Amino acid sequence: MAVDEKTVAQVAHLARLSIDENRVTEYADEMSKVLALAETMNDINTDNVEPMAHPTHAVQRLREDKVTETSQREAFQQCAPSVEEGYYLVPQVIE
Amino acid sequence: MHKNTIAEVCQNLANGDYSSKELCQHLLERISRFNQSHNAFIEVSADAALSSAEAADQLRAKGANAPLLGVPIAHKDIFCTEGIRTSCGSRMLENFVPPYNATVVEKFNAAGTICLGKTNMDEFAMGSSNENSYFGSVANPWDTDRVPGGSSGGSAAAVAARLVPATTGTDTGGSIRQPAAFCGITGIKPTYGRVSRYGMIAFASSLDQGGPMATTAEDCALLLEAMSGFDERDSTCIDRPVERYIDAIDQSLNGLKVGLPREYFSAELSAPIAAALQQAIEALQKLGATFVDIDLKNQSLAVPAYYVVAPAECSSNLSRFDGVRYGHRCESPVDLEDLYKRSRAEGFGREVKRRILIGTYALSAGYYDAYYIKAQKVRNLISQDFARAFEQVDVILGPTTPTTAFKHGENSDDPVAMYLNDIFTIPANLAGLPALSAPCGFVEGLPVGLQLVGNYFDEGRLLNIAHQYQQVTDWHRQIPAGVE
């Protein structure tokens, strides 16, 4: 399916990605090309085929419900762009 | 010293022919000499490497004899290294210093290896040329006007230029094998789940798998054993004992049955590459292998399926980069949405954005069944093709790439043209099978790779075949002019 500029803008919003307005047409063209490639899959009938989500059909491993990790907030927050008193800082969300 | 394989380094260190510190010093000098022109390393950790090497030498003097003790390697910059910047080739993580090590890094540290630095790569492992790195493209040591392949381009170029005897790589659609082929080295993508993905920055989680890159299959055997194994911290890592790959490689190839997929020896394959493969087939016949033609009839759908599954998983995985907990944050955001959108727009490069958009589209309401579910069904068909083939043959042999290394900029205008580079490597990722690339000749001075695909957990057999082949050929021993 050919993707138009409006769709690029919608998808970019869903992905929380701002897109340079001068580039929207380019992205639309490129996405259209890749989707055309994807659509070649329609040449084959897959009606009775199971979707394969995982290469070895693994199931989620379960473990005992006990604490295995220690709190390392300080170490983890060292690579954060902005923190204060153990909290991550973001622009004001609630008025 | 720098021409030594990992196996030779182990031997020489054990014999006391040189110390780990001497070797690391020599390699670090080479890295500083060649990195400006080749750009294989994003980060060189000279001081840490030399002090670890010194410590390894002291341990050895006290009688420690772990085989990889003091052996220098380098990690692809996708593996988190505690205290060492891990960028994943992206502006997004330009200043990210992980507070922890990837399991692969931990395992190598425990084995005593020395990390000389972090190697260049396509941003978030998305690319087949290393041209998508925020830190610049990498020169192929065989011809610096050409790309080293990708996404583990820096890892492949560093080994080919003998800047380090081995590196780690990751392979989502060919990112170990394609650069290995372009740079004339050996690399193996293990069975999905063989190597822990913990601390390996995720691109497409159902496809990503780490593996070693080195000059020889023997070296890959030594390294794969060190990096494999069960890990509680990766929910898809498989609990199964690790084989002694080094013991597996010496077996005879007598009676080995090799499948040649008709679909791989098709019009997409350049004639000189086909000729190089033919020679390899004859060499393996002399070693006792027999060949039969097989069909992998849905192979042409592997690239289309991959370019739905991989972007879909990428769009989901990369949603974690929000400018809040780590990574790039834009200046003066007006509100939270602006913070997300601009941080991501500034932090991600072109190809990453393209894949996020495609993946988001494919997963969005109304398109999910037509693209994502369809691709998963096709994935199943491709996997079934392999299962049928392995009822007839032990391994599958084909080309790693349709062409030799191309020039910088040659494929950058059209994403689909670039994606078709992975036509022979993607199927193994979709099925989760182990696959190896080894050098099998040259076309106009550029290396050619042969690919072996094995059944699940048959890494030992792939390494065995490549090792036996390397006993009767010397393609893997060739060194590019200018870096001797």
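Answer yes or no: is there a residue in region B:329-336 that is over 29 Å from residue A:91 (Cβ atoms) and out of contact with any Cys (no Cβ under 8 Å at 6 or more places or on another chain).
Pass one, region B:329-336, residues over 29 Å from residue A:91 (Cβ atoms): none.
Scanning region B:329-336, I find no residue that is over 29 Å from residue A:91 (Cβ atoms) and out of contact with any Cys (no Cβ under 8 Å at 6 or more places or on another chain), so the answer is no.
Taking residue B:201 as the residue in question, decide whether it is within 30 Å of residue B:359 (Cα to Cα) and among the β-branched types (Val, Ile, Thr). Break it down stepwise before answering.
Numbers: within 30 Å of residue B:359 (Cα to Cα): yes; among the β-branched types (Val, Ile, Thr): yes.
So residue B:201 passes the test.
Taking only region B:248-281 into account, find how many residues are modelled with pLDDT of 95 or more, of a type outside the set (S, T, N, Q) and open to solvent by 90 Å² or more (accessible area, probe 1.4 Å).
Number satisfying all stated conditions: 1.
Picking from B:365, B:387, which residue would you name as being of a type in the set (A, V, I, L, M), within 12 Å of chain A (Cβ to nearest Cβ), open to solvent by 40 Å² or more (accessible area, probe 1.4 Å) and within 30 Å of residue B:450 (Cα to Cα)?
B:387
Would you check which residues across region A:13-24 are closer than 20 Å to residue B:415 by Cβ, open to solvent by 70 Å² or more (accessible area, probe 1.4 Å) and either in a helix (DSSP H, G or I) or of a type in the set (A, V, I, L, M) (or both) and list them? Please lay out each step first, then the result.
Looking only at region A:13-24, we keep the residues that are closer than 20 Å to residue B:415 by Cβ, and these are A:15, A:17, A:19-20, A:22-24.
Filter again for open to solvent by 70 Å² or more (accessible area, probe 1.4 Å), leaving A:20, A:22-23.
If the condition is that a residue be closer than 20 Å to residue B:415 by Cβ, open to solvent by 70 Å² or more (accessible area, probe 1.4 Å) and either in a helix (DSSP H, G or I) or of a type in the set (A, V, I, L, M) (or both), then A:22, A:23 are the ones that fit.
Taking region A:50-81 on its own, how many of its residues are closer than 30 Å to residue B:336 by Cα and touching a Lys or Arg at 6+ places or on another chain (Cβ under 7 Å)?
Counting residues in region A:50-81 that are closer than 30 Å to residue B:336 by Cα and touching a Lys or Arg at 6+ places or on another chain (Cβ under 7 Å) gives 2.
Can you find, within region A:1-12, the residue that is most open to solvent (accessible area, probe 1.4 Å) among those that are at the interface with chain B (Cβ under 8 Å from one of its Cβ atoms) and part of a helix (DSSP H, G or I)? Walk me through how you get there before you give the answer.
To start, the set of residues in region A:1-12 that are at the interface with chain B (Cβ under 8 Å from one of its Cβ atoms) comprises A:3, A:7-8, A:11-12.
Then keep just the ones that are part of a helix (DSSP H, G or I); that gives A:7-8, A:11-12.
On the way: A:7: 31, A:8: 1, A:11: 7, A:12: 4 Å².
By that ranking, first place goes to A:7.
Just name the residue that is nearest to residue B:207 (Cα to Cα) out of those in region B:424-456 that are within 14 Å of another protein chain (Cβ to nearest Cβ) and open to solvent by 30 Å² or more (accessible area, probe 1.4 Å).
Checking each candidate, the answer is B:456.
Which residue pairs have Cβ atoms closer than 8 Å, lie 6 or more positions apart in sequence or on different chains, and pair a first residue in region B:287-306 that is without any contact (Cβ under 8 Å) to a residue 60 or more places away in the chain and away from chain A (no Cβ under 14 Å) with a second residue that is in a strand (DSSP E or B) and open to solvent by 10 Å² or more (accessible area, probe 1.4 Å)?
Close Cβ pairs (under 8 Å, with a partner that is in a strand (DSSP E or B) and open to solvent by 10 Å² or more (accessible area, probe 1.4 Å)) amount to B:290/B:257; B:293/B:260.
Pairs please, first residue from region B:235-255 and touching a residue at least 40 places away in the same chain (Cβ under 8 Å) and within 14 Å of chain A (Cβ to nearest Cβ), second anywhere and of a type outside the set (Asp, Glu) and assigned to a loop (DSSP other than H, G, I, E, B), Cβ atoms under 6 Å, 6+ apart in sequence or on different chains.
B:236/A:58; B:236/B:193; B:237/B:193; B:237/B:196; B:237/B:230; B:238/B:193
State whether one or more residues within region B:205-215 are away from chain A (no Cβ under 14 Å) and free of Cβ contacts under 8 Å to residues at least 60 places away in the same chain.
Yes; the residues of region B:205-215 include at least one that is away from chain A (no Cβ under 14 Å) and free of Cβ contacts under 8 Å to residues at least 60 places away in the same chain.
Among the residues of region B:36-47, write down those that are in contact (Cβ under 8 Å) with a residue 12 or more places away in the chain and in a helix (DSSP H, G or I). Can you show your working first?
Of the residues in region B:36-47, the ones in contact (Cβ under 8 Å) with a residue 12 or more places away in the chain are B:37-46.
Passing the criteria: B:37, B:38, B:46.
Only residues that are in a loop (DSSP other than H, G, I, E, B), under 21 Å from the mean Cα position of the chain (by Cα) and surrounded by fewer than 24 Cβ atoms within 10 Å (Cβ to Cβ): list them for region B:93-106, please.
Here is the first cut: in region B:93-106, the residues in a loop (DSSP other than H, G, I, E, B) are B:93-102.
Those still in the list that are under 21 Å from the mean Cα position of the chain (by Cα) too: B:93, B:101-102.
Passing the criteria: only B:101.
On the basis of being more than 7 Å from chain A (Cβ to nearest Cβ), free of Cβ contacts under 8 Å to residues at least 24 places away in the same chain, in a helix (DSSP H, G or I) and not basic (Lys, Arg), does residue B:332 make the cut? Give the steps one after another, and end with the answer.
Working: more than 7 Å from chain A (Cβ to nearest Cβ): yes; free of Cβ contacts under 8 Å to residues at least 24 places away in the same chain: yes; in a helix (DSSP H, G or I): no; not basic (Lys, Arg): yes.
No; evaluated as a whole, the condition is false for this residue.
What pairs come up if the first residue lies in region A:63-83 and is over 28 Å from residue B:239 (Cα atoms), the second is basic (Lys, Arg) and assigned to a loop (DSSP other than H, G, I, E, B), and their beta carbons are under 6 Å apart, counting only those six or more places apart or on different chains?
Partner pairs satisfying both residue conditions: A:80/B:325; A:81/B:329.
In region A:36-71, what count of residues is obtained for those that are surrounded by 11 or more Cβ atoms within 10 Å (Cβ to Cβ) and either of a type in the set (Phe, Trp, Tyr) or more than 7 Å from chain B (Cβ to nearest Cβ) (or both)?
Residues that pass the stated criteria total 4.
What residue, of B:326, B:340, B:306, is in contact with a Gly (Cβ under 7 Å, 6 or more places away or on another chain), more than 29 Å from residue B:469 (Cα to Cα), open to solvent by 20 Å² or more (accessible area, probe 1.4 Å) and not charged (D, E, K, R)? Lay out the reasoning, then the answer.
On the way: B:326 fails: in contact with a Gly (Cβ under 7 Å, 6 or more places away or on another chain); B:306 fails: open to solvent by 20 Å² or more (accessible area, probe 1.4 Å).
The match here is B:340.
For region B:53-87, give me each residue that is within 14 Å of chain A (Cβ to nearest Cβ) and either of a type in the set (Lys, Arg) or in a helix (DSSP H, G or I) (or both).
Correct list: B:85 only.
Of everything in region B:213-237 that's in contact with a Ser or Thr (Cβ under 7 Å, 6 or more places away or on another chain), not hydroxyl-bearing (Ser, Thr, Tyr) and not in a helix (DSSP H, G or I), which residue is most open to solvent (accessible area, probe 1.4 Å)?
B:233
Quick check: is even one residue across region B:74-83 touching a Phe, Trp or Tyr at 6+ places or on another chain (Cβ under 8 Å), of a type in the set (Ser, Thr, Tyr), surrounded by 21 or more Cβ atoms within 10 Å (Cβ to Cβ) and in contact (Cβ under 8 Å) with a residue 12 or more places away in the chain?
no
Just name the residue that is farthest from the other protein chains (Cβ to nearest Cβ) out of those in region B:307-328 that are without any contact (Cβ under 8 Å) to a residue 40 or more places away in the chain and over 17 Å from residue A:93 (Cα atoms). Full working, then the answer.
Let us first name the residues in region B:307-328 that are without any contact (Cβ under 8 Å) to a residue 40 or more places away in the chain, namely B:319-320, B:322-325.
Adding the requirement that they be over 17 Å from residue A:93 (Cα atoms) leaves B:319-320.
Values: B:319: 8, B:320: 12 Å.
Once the filter is applied, the top-ranked residue is B:320.
Given the criteria surrounded by 24 or more Cβ atoms within 10 Å (Cβ to Cβ), in contact with a Phe, Trp or Tyr (Cβ under 8 Å, 6 or more places away or on another chain) and in a loop (DSSP other than H, G, I, E, B), does residue B:90 qualify?
Values: surrounded by 24 or more Cβ atoms within 10 Å (Cβ to Cβ): yes; in contact with a Phe, Trp or Tyr (Cβ under 8 Å, 6 or more places away or on another chain): yes; in a loop (DSSP other than H, G, I, E, B): yes.
In short, yes.
Report the residue count in region B:280-292 for those that are farther than 16 Å from residue B:424 by Cβ and touching a Leu at 6+ places or on another chain (Cβ under 8 Å). Walk me through how you get there before you give the answer.
Residues of region B:280-292 that are farther than 16 Å from residue B:424 by Cβ, as a first pass: B:282-292.
Checking the rest, the ones that are also touching a Leu at 6+ places or on another chain (Cβ under 8 Å) come to B:284, B:287-292.
Residues meeting the conditions: 7.
The values are calculated or read from the model by the stated rules, or taken from the named source; none is laboratory data. Bear in mind the structure is a predicted one, so any value in this text is a computation, not a measurement. Quick reminder, even Gly has a Cβ in these numbers, built from the backbone with ideal geometry, and neighbours come from all protein chains shown. Just the protein is used for accessible areas: all its heavy atoms, side chains included, with ligands, DNA and RNA removed. Shrake-Rupley method; radii C 1.70, N 1.55, O 1.52, S 1.80 Å.
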